[in-house]
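Novice: Dropping a structure here in structure tokens format, bear with me for questions.
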Amino acid sequence: MAALSGVRDRDALNAAFVRLVMQTVDGTVRQVALIRVVGEGADRRCLVCARLDAGSDAVGCDPIWQDWGDLPLLAEKPLYARVLADGTPQSVQDGALCRSLFAVMGEQGASGLLEISSEQPLDESAHVRLTALLQTYQNVLGLLDYGEKDALTELLNRKTFDGAFFKATAATQTVDVEDDRRASQDGGQYWLAVLDIDHFKRVNDTYGHLIGDEVLLLVARIMRNSFRFHDQLYRFGGEEFVILMRCRDAKDAAQALERLRHNVESYVFPQVGSITVSLGFSVLQPHDTPGAAFGRADKAVYHAKSHGRNQVVSYQDLVDSGVIQEQTEDMDVDLF
């Protein structure tokens with residue numbers, strides 16, 4: 001329990017939790033899985049965050065960037081849906097094994113499930129221990145959310161960016177950038193985009209900071225609705241946002257960002273009316289650094305803002321067209 005409460009990385013926390021559950025419940029348990037429910041409405045799906053089989057030390061999980069269509073629909077798992085709806089643990093006999101399900105609670109209600117497959121039904125004492133473990137896990141998750149999220153928009157904050165960035169670049173290094181077939185099979189490349197709200201100072205000066213904060217909140221909401229569950233959205237401060245995403249190629253990345261730009265432009269903001277955003281993006285390279293990648297995307301944003309605003313600009317397109325020179329060294333950008 002002490003080790004669980006001391007973890008500060010979400011993936012490590014999930015792995016520590018399923019290991020602790022396996023150790024705590026009796027020896028008839030064959031598998032422990034921690035499942036996160038992602039998506040909205042009828043398109044909610046189940047993502048395995050951590051899975052541990054009896055007798056194994058290796059904790060597995062679904063790839064966070066995996067194709068949305070490969071995740072099972074919650075609607076196809078009525079027992080899951082029932083536990084999520086009422087929060088009451090459920091057990092069912094599934095062939096030779098008994099499956100026990102417990103809701104994992106978050107700020108907005110049940111956000112996931114703990115699934116235990118065992119040879120025998122869990123007894124009352126196991127339920128008591130699991131309830132205590134779940135409460136501890138949920139408390140630590142809440143603390144992580146508090147430390148990792150921007151207080152206003154509830155997007156990720158800038159201090160969490162480095163860890164996510166280096167996970168993405170580590171994955172990038174496993175793909176031979178000269179092998180297009182392998183890159184395609186791996187699902188594409190990672191991209192970093194910077195978003196800046198156009199004329200945001202004018203909004204604050206004209207309507208006040210309360211209305212300015214409302215604009216930031218609504219832009220964050222539009223961002224969530226415009227991207228996939230695994231795209232990582234950050235607020236870096238003021239009117240600047242960062243997006244870390246995975247797309248098959250530059251065209252797909254540009255289309256995703258153009259969709260966001262259009263969604264913001266089409267939205268009628270209370271009192272303010274129309275708001276636009278400028279975006280710049282760059283592919284993540286092997287052995288990249290946060291400062292270098294951010295610097296490339298920021299150059300593209302600067303170009304967008306100085307050439308009419310309300311547009312999406314690719315750093316590589318600027319280099320290829322000779323508008324700017326290729327950045328060959330790390331930018332001296334202080335992200336933190």
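We did not get these values from a lab; they are worked out from the coordinates using the rules stated. Just so you know, these numbers come straight off a predicted model, no measurement behind them. We place every Cβ from the backbone using ideal geometry, glycine too, and count neighbours over all the protein chains shown.
Novice: With a ≥ b ≥ c taken as the square roots of the eigenvalues of the C-alpha gyration tensor of the stretch 1-134, please select rounded if a/c is under 1.5 and otherwise prolate if a/b is larger than b/c or oblate if it is not?
Specialist: Because its axes are fairly even, with a/c under 1.5, the stretch 1-134 counts as rounded.
Novice: Restricting to DSSP H runs of at least four residues, report the calculated mean residue ellipticity at 222 nm for the chain, -39500 (n - 2.57) per run over all residues, nearest 500 deg cm²/dmol.
Specialist: Value at 222 nm, helices only, nearest 500: -13000 deg cm²/dmol.
Novice: Also, quick follow-up: Hey, in the GNM for the chain with a 10 angstrom Cα cutoff, which one of ILE35, ILE243, ILE211 fluctuates hardest?
Specialist: Its mean-square fluctuation being the largest, the pick is ILE211.
Novice: Right, here's the next one. Pull out a ≥ b ≥ c, the square roots of the eigenvalues of the alpha-carbon gyration tensor of the stretch 156-320, then state rounded if a/c is under 1.5, prolate if not and a/b is larger than b/c, and oblate in the remaining case.
Specialist: prolate
Novice: Hey, another quick one. Taking the number of other C-beta atoms within 10 Å as the exposure measure, put MET245, MET105 in order starting with the fewest.
Specialist: Arranged by neighbour count, lowest to highest, MET245, MET105 become MET105, MET245.
Novice: Can I ask one more? Report the net charge of residues surrounding LEU130, where surrounding means a beta-carbon distance below 15 angstrom and charges are Lys +1, Arg +1, Asp -1, Glu -1.
Specialist: Details: positive: ARG19, ARG99, ARG129; negative: ASP26, GLU115, ASP123, GLU124.
In short, -1.
Novice: Can you sort HIS287, HIS303, HIS199 by how many other beta carbons sit within 10 Å, fewest first?
Specialist: The most exposed by this proxy come first: HIS287, HIS199, HIS303.
Novice: Which residue, ALA15, ALA293, ALA170, has the most motion in a Gaussian network model of the chain that connects Cα atoms within less than 10 Å?
Specialist: ALA170
Novice: Would you mind checking which residues have amide H under 5 Å from ASN310's amide H? H placed 1.01 Å from N; only 5 or more apart, or other chain.
Specialist: VAL277, SER278
Novice: Give me the aspartates and glutamates in straight-line cross-link reach of LYS201: C-alpha distance below 14 Å, same-chain residues under 8 apart excluded.
Specialist: ASP213, GLU214, GLU239, GLU240
Novice: Taking the stretch 60-145, which GluC sites (Glu not before Pro) meet the DSSP loop condition and have no more than 12 other C-beta atoms within 10 Å?
Specialist: Loop-located and lightly packed - GLU107.
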